[in-house]
Amino acid sequence: MPTLLAKNATVLVTMDNERRELPHAGLFARDGMIEHVGPTEQLPRSADLVLDLAGQIVLPGFVNAHHHLDQTLTRNLPAAQNNNLFPWLQVHYRVWSSRTPEASRCSTLIGLAELAASGCTTVFDHAYVFQNGCRVDDQIAAAQEIGVRFHACRGSMSLGESKGGLPPDDCVEDEKAILADCVRVIETYHDASRGAMTQVVLGPCSPFSVTTDLLRASAQLARAYKVRLHTHLCETLDEERYTLERYQLRPVAWMETLDWLGGDVWFAHAVHVEDDEIQQFARTGAGAAHCPCSNMRLASGIAPVKKYLAAGVKVGLGVDGSASNDASNILLEARQAMLLARLRLGLLPPEGPRTFFLLSPSHPLRAHEWMTAREVLEIATRGGAAVLGRDDIGALEVGKCADFFSIDLHTVDYAGALHDPVAATLFCAPQKAHYTVINGRVVVEKGQVITVDMRPVVEAHNRFALQCANKS
Ligand SMILES: [Zn+2]
């Protein structure tokens, strides 16, 4: 039972129920679980591994609530730099379906390495293109190799162009085969126990790439196995037009008819929602993964995150795939979430009486409309844990997983901001983690992944990516 002592942090952000921020603090963990959190002098004196975090801030590991790791292979494709979701997808579908299992392994390692170095310790990945021998197993193996806590989505597409869907027919799968593989992946990999390093989620891709039958069957299967459900929803107005024309319902109403609103479901993006739909999410327990960079990159819109929080909707943060980001830096994503919510505040009418709009955004009556740095840090930690259905991550307290990261505060980038180091992590430029610890194991040291030699992975990944670019 290996032990870990992390000590002497300038400040440790617990994200516990009291949201304590502890000066001169640290934690002690055994076998990947936290046994003590508090002032350094009150912690055990020694451990198998001791990290001295003097001059550093410690935060709970961030939870990435929406991603497509394979898309690091298709970053920055010229044909998809300047278009919105539907034409952007049409550029990519066949390129993604042509990737090989080895390319999938490399892209998973690249994405997870970038996430871990930016403070992420748990990653949900929504894979949904399975051609050419690729399986979700390739990614689970890569996550185990690098040591990141991983929620793998056996996603799916079954509605090709000839049946009115968006993806080409040769990029979708047979529904019976999809469901059989979902059963196989759940039975092989899903671990429901506390401290689990691997869990499985079912994720039909989007309203315009799967049938109602597959959505219904996926929900039944997920509930039979007690795993979570995820899909893209309310991402764009094109999607809204699609469900209105095809099903005569807005996306949320349509999902309700398929038994897809519930505490075991979360939706990626959830940008275009009416106020009553926000209340529906709150009532049913459905959550949202906010992906600000992708929403800006694809001109999708601005999700009403403050409204979600005010209504009590669970909200996590996601970097989304690297074809629409094109980074997997979760600290950068958190900063964008803070800034984008403020842009929305300046652009759109406020909640409450109409007269509020006449008040300056800085009027005390509108103080609650501001997205603060600490609110975003909470979304990125506790919020992500909530949408993934985990009560053992997202905070640093006794009985939770030893998942955290530290940042060196004494750098040029933070100089002048240290009167509030917690807020500085988002107000100042995003920094690489000094340490990222997952399950009590050091995965990142001085900003670099140390569990896998990333140099050959980067080289191989670049070769695969060039092949993808030549196909686009
Ligand atoms: Zn996505």
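The values are calculated or read from the model by the stated rules, or taken from the named source; none is laboratory data. Just so it is clear, the model here is predicted, and its values are computed rather than measured. FYI the Cβ positions are ideal-geometry reconstructions off the backbone, even for glycines, and counts take in every protein chain you see. Each accessible area value is taken on the protein alone, full model and side chains, heavy atoms only, with ligands, DNA and RNA left out. Shrake-Rupley method; radii C 1.70, N 1.55, O 1.52, S 1.80 Å.
For segment 407-447, the candidate set comprises residues that are assigned to a loop (DSSP other than H, G, I, E, B) and touching a Pro at 6+ places or on another chain (Cβ under 8 Å); within that set, the residue that is least open to solvent (accessible area, probe 1.4 Å) is Leu409. Scanning segment 360-389 for residues that are open to solvent by less than 20 Å² (accessible area, probe 1.4 Å), in contact (Cβ under 8 Å) with a residue 24 or more places away in the chain and of a type outside the set (A, V, I, L, M, F, W, C) yields a total of 3.
Does Ile450 satisfy the condition of being open to solvent by 70 Å² or more (accessible area, probe 1.4 Å) and not acidic (Asp, Glu)?
Yes: the conditions hold for Ile450.
Can you tell me which residues in segment 190-216 are of a type outside the set (Ser, Thr, Tyr) and in a helix (DSSP H, G or I)? Asp213, Leu214, Leu215, Arg216, listed by residue number.
Exactly one residue out of Glu102, Glu114, Glu21, Glu41 is of a type outside the set (Phe, Trp, Tyr), in contact with a Leu (Cβ under 8 Å, 6 or more places away or on another chain) and modelled with pLDDT of 95 or more, and it is Glu21. A count restricted to segment 383-406 and to residues that are assigned to a strand (DSSP E or B) and over 17 Å from Asn64 (Cβ atoms) stands at 1. Taken residue by residue, segment 318-330 has at least one member that is in a helix (DSSP H, G or I) and touching a strand residue (DSSP E or B) at 6+ places or on another chain (Cβ under 6 Å).
Within segment 243-257, the set of residues being open to solvent by 10 Å² or more (accessible area, probe 1.4 Å) and either small (Gly, Ala, Ser) or within 16 Å of the ligand (Cβ to nearest atom) (or both) comprises just one member, Ala253.
Pairing each residue of segment 252-265 that is part of a helix (DSSP H, G or I) with any residue that is among the acidic types (Asp, Glu) and open to solvent by less than 40 Å² (accessible area, probe 1.4 Å), provided the two are 6+ apart or on different chains, yields C-beta distances under 9 Å for Val252/Glu277; Ala253/Glu277.
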